[in-house]
Every structure is written in C-alpha cells, then in structure tokens.
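Written out below as structure tokens is the structure these notes cover.
None of the figures in this text is laboratory data; all of them are computed from the coordinates on show. Note that the structure is a prediction, hence the values are computed from the model and not measured. Cβ sites come from the backbone with ideal geometry, for glycine too, and all protein chains shown count toward neighbours.
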Amino acid sequence: MDARAILDHPIIGQRYFFPRRDAPRSRWEVDAAGETLVGHARRAGGDAALLHFHGNGEVVADWEGPFVDALVDGGLDVFLAEYRGYGASSGAPQLASMLDDALASCDATGVDPSRTIVYGRSVGSIFALHVAAHRPVAGVVIESGIADVLERLDLRLDASELGVDREALVAAVGELLDHRAKVAASAAPLLALHARGDQLVPPSHAGRLAEWAGDRGELVLFDRGGHNDIHAYNGRAILERVLAFAQGALGEPS
C-alpha cells in the first residue's frame, strides 16, 4: 500500500477528523479533484492575502466576523479554506487528499503566492505547512500547531488497523507529512503562536517548528489560555502579532 492510500484510509478520517456541517454565510467555492470546497473570501482591495486553515472540530463559519474584519481592516484579502466533509463542502476527510486540496485552495485565491500569508491553526498547520513547502508564500503563521503528525496519529490508532505494519505507517508519514522537511523547503519567515497551557498539543511543538525555521522562525508563547480557548484570552494580541508579521513578510511599511 502506497503512502497516499495509507493516509487516506477511512479509519484515519474517522479517528483524526471531527467535521461539522455548519455552512458559512457566504460561499467561496474551490474545485478540488471532483470535490467542492466551500470556504469564505473577502477582499480588502489590495494585492496581498491571508489564506487560513482552521482547526479540527471547527468550520469556516466559526471564523467569519471579527477575525476576518480585523485582517481586512489591516489591508489583507482573506480566504478561509474549508476541508472536504466540513461545513458545506462535499466529500469526507481523507488526510493525503486534503494536502492536495490545500494547494488547490491556495491556487484558487488568484493571489500571487509571494503576496500571500498562509495561516494554519491546530490541524490546519498540516495544510499550511504543505502549502508553504510547495508554493513560494510570503510568510507562514502556525497557531497551536503540530510539529510531529505521527505523534498525533499514534494517540488514536494502530498501524495494524490500517492493514499495514508500523514501518509502513512511519514511512508514509515521513514521505508526505515530514514537517521539519517542509519548514526547510520554504524560504518564508515563520511565526509560531501557542499557549503555554495547551494540554492537547504541547507548546514543545511550536518550539520545534520555530527552531527548524532557524533565523526565519519566531516563537510567541501566551501565558493565558489553552488549545481551544487561546483566542478567548489572547485574540487581540494574536491579531496584532499576525498583522505586524504580515507587514514585515510582505515588505510593507509599518
């Protein structure tokens, strides 16, 4: 079984992803290998954009409103990418195929990647880092993100349940989900945001991502909040950090 078939196994989709069917108020449609991904797009009227990949158990509709308003007010076109099987999108979650979907979403913005900030929250970090490794984006924001996908898969399944041995699963993750290699493949600056009290994805993941980026990496740890309430405690500070980072990455005056 090849890497894609292993990572697209239905058990991974069922155990690792938690989709909801809440539709966004507006529709930005992306055609991705026969599936229709229904996200949200809002233009600021400039030439720079932020492409956002949300967390697990979330949908695009959760991020419409003040989050988008602040980014648009900061001069960024905003695209909220949706996953197959989530919100109003067709299909069902399949990990390897969703990597391709992320690239399709980036291409569908119509914005030059060199003028695009890609932002991944939690499981969205998988897709943001994949885009950054395959498109020359201006910058990468990782919020409450994942450094080692295998660690996360190990929490919820055994390789034998996928019809393969441990070695095959490790090889599949190494081939398609090596985040250290993806950080190295990108020349973009990387901002890692994380709550010190995150007990779901420990802040050591953010530390590794920032470290792998070397001089391009910046780590910001918030003293308040955890994985799912980081915005409740630090929302304004997060947006300020992201907008300042975007200005620097896009070479715009402060």
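Miscellaneous remarks
- Pairwise FRET efficiency - Ala33 versus Glu167, Cβ, R0 = 25 Å, nearest 0.05: 0.30
- Fully extending the segment from Arg236 to Arg43 would add 67.4 nm, taking 0.36 nm per residue of separation and subtracting the current Cα-Cα distance.
- Helical contribution to [θ] at 222 nm, DSSP H n ≥ 4, -39,500 (n - 2.57), averaged over the chain, rounded to 500: -11500 deg cm²/dmol
- Among Val60, Val141, a tally of other beta-carbon atoms within 10 Å of each Cβ gives an order, fewest to most, of Val141, Val60.
- Pair Ile11, Ser204: separation of 7 Å Cα→Cβ label points (nm): 2.6 nm
- For the pair the range 187-225 and the range 91-148, the centres of their Cα atoms are 17 angstrom apart.
- Rg and Dmax, both from the Cα atoms of the chain and both in Å, are 17.0, 54.
- Bridge type composition, the range 3-250 - antiparallel percent by DSSP, nearest 5: 25 percent
- 3J(HN,Hα) couplings calculated from phi for the range 162-167 with the Karplus curve 6.51 cos²θ - 1.76 cosθ + 1.60 (θ = phi - 60°) are, in sequence order, 9, x, 9, 8, 4, 4 Hz; Gly and Pro show x.
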